[in-house]
Amino acid sequence: MRATSFAKKLAAVASACALVSAVALTGCASGTSANSSSSASSSSAAAQSDVELQVYAANSLQKAMPEAMDLYTEQTGVKFADAQYKASGELNEMLGGGGHADLLITASKGTMDTAVDKGYVDEGTRTDMYANELVIVSKKGSGLQDVTLQQIADGTYTVCVGDDSVPAGNYAAQSLSTVGAYQPAADEAGKTGKDISGKDGTYVGITPATDSSVGNVCQKAASGEVDVAIVYSSDAYRFDVEIVGIIPDSTHKAIVYPGAVTADSENAEEAQKFIEWCITDPDAQKIWNEWGFQLAQD
């Protein structure tokens, strides 16, 4: 009886030990799995933190884009080199002259077409990102309101516009052509508005001040150097001006900001992800809206 009882106790102890061992092994296996998962996650985050994107963007994005990039870095760990904000045509010249970028965002389809034709960007990544409006602005407190294209054409107000090397200048020329204040190039004779390029023509009856930077155009109105300027609605958020007139969309080509990954980007996949994030992330949308931009797809 005693032997049998002792044997039973030994068996019970052995069974308990086996159970403890099994649990311990399972725990070790789970720990190993968890550690592997954590290690993989940390590795992924580290990999992203090693990525640095170089952005070339149109001047009018100079206030909104840094906020967006800071938010993206906070969310993903991806960093950004010192972004270059220039006139869209100048950005293309920089790329053609050997400048390096991972992402190009221009202020017109035409300048992106040039980038595609020159082989500066990967056409397959091209995406229409933002839309804008063309407006008439003056310095704050000017007392002006409801200023029209016709009044500008009549010489009622002095005006500044972008020159024909920048999209803002092309849009302004297109709009002023509809009231006879701009004559298009010879190969576009008889056409006006969105049917012309706004390049290589001449102003008629007015001599507007011009500049290759839409920011400088806006500042001339802000300082009172001219009565009004024709700029993007987003510029009213960047400078000390007020909108005193809205230019009808029907008078110029649609103002669209296309973005594309550059052909020689070493971070093409991450650059593409950033484009997608810019037009899909709700927090990113708040930034664009605060600076006067809308999604091109809206």
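The values are calculated or read from the model by the stated rules, or taken from the named source; none is laboratory data. Owing to the predicted nature of the structure, the values given are computational and were not obtained by experimental measurement. Positions of Cβ are backbone-derived with ideal geometry, glycine not excepted, and every protein chain shown enters the neighbour counts. Calculation scope for accessible area: heavy atoms of the full protein, side chains included, ligands and nucleic acids excluded. Shrake-Rupley method; radii C 1.70, N 1.55, O 1.52, S 1.80 Å.
Could you go through the stretch 172-184 and let me know if any residue there is on the phi < 0 side of the Ramachandran plot, at pLDDT below 95 and of a type outside the set (Ser, Thr, Tyr). Break it down into steps so the answer makes sense when it comes.
At the first step, the residues of the stretch 172-184 found to be on the phi < 0 side of the Ramachandran plot are 172-179, 181-184.
From what is left, the residues that are at pLDDT below 95 are none.
There is no residue in the stretch 172-184 that is on the phi < 0 side of the Ramachandran plot, at pLDDT below 95 and of a type outside the set (Ser, Thr, Tyr).
Counting only strands (runs of 3 or more DSSP E) that fall entirely inside the stretch 43-117 and contain at least 1 residues that are open to solvent by less than 10 Å² (accessible area, probe 1.4 Å), touching a helix residue (DSSP H, G or I) at 6+ places or on another chain (Cβ under 6 Å) and aliphatic (A, V, I, L, M), the qualifying elements are 55-58, 103-105. Taking the criterion of being surrounded by fewer than 22 Cβ atoms within 10 Å (Cβ to Cβ) and either without any contact (Cβ under 8 Å) to a residue 40 or more places away in the chain or of a type in the set (Phe, Trp, Tyr) (or both), the only residue of the stretch 119-140 that qualifies is Gly124. Only one entry in Gln297, Gln285 is open to solvent by 80 Å² or more (accessible area, probe 1.4 Å) and polar (S, T, N, Q), namely Gln297. Can you pull out the residues in the stretch 74-109 that are more than 20 Å from Asn267 (Cα to Cα) and in contact with a Pro (Cβ under 7 Å, 6 or more places away or on another chain)? Within the stretch 74-109, Ser88, Ala107, Ser108, Lys109 qualify.
Quick check on Ser49: is it under 19 Å from Trp277 (Cα atoms), out of contact with any Asp or Glu (no Cβ under 8 Å at 6 or more places or on another chain) and at pLDDT below 95? Taking the combined requirement at face value, the residue satisfies it. In this entry, Val214 is excluded by the filter for residues that are of a type in the set (A, V, I, L, M, F, W, C), in contact (Cβ under 8 Å) with a residue 12 or more places away in the chain and more than 17 Å from Tyr171 (Cβ to Cβ).
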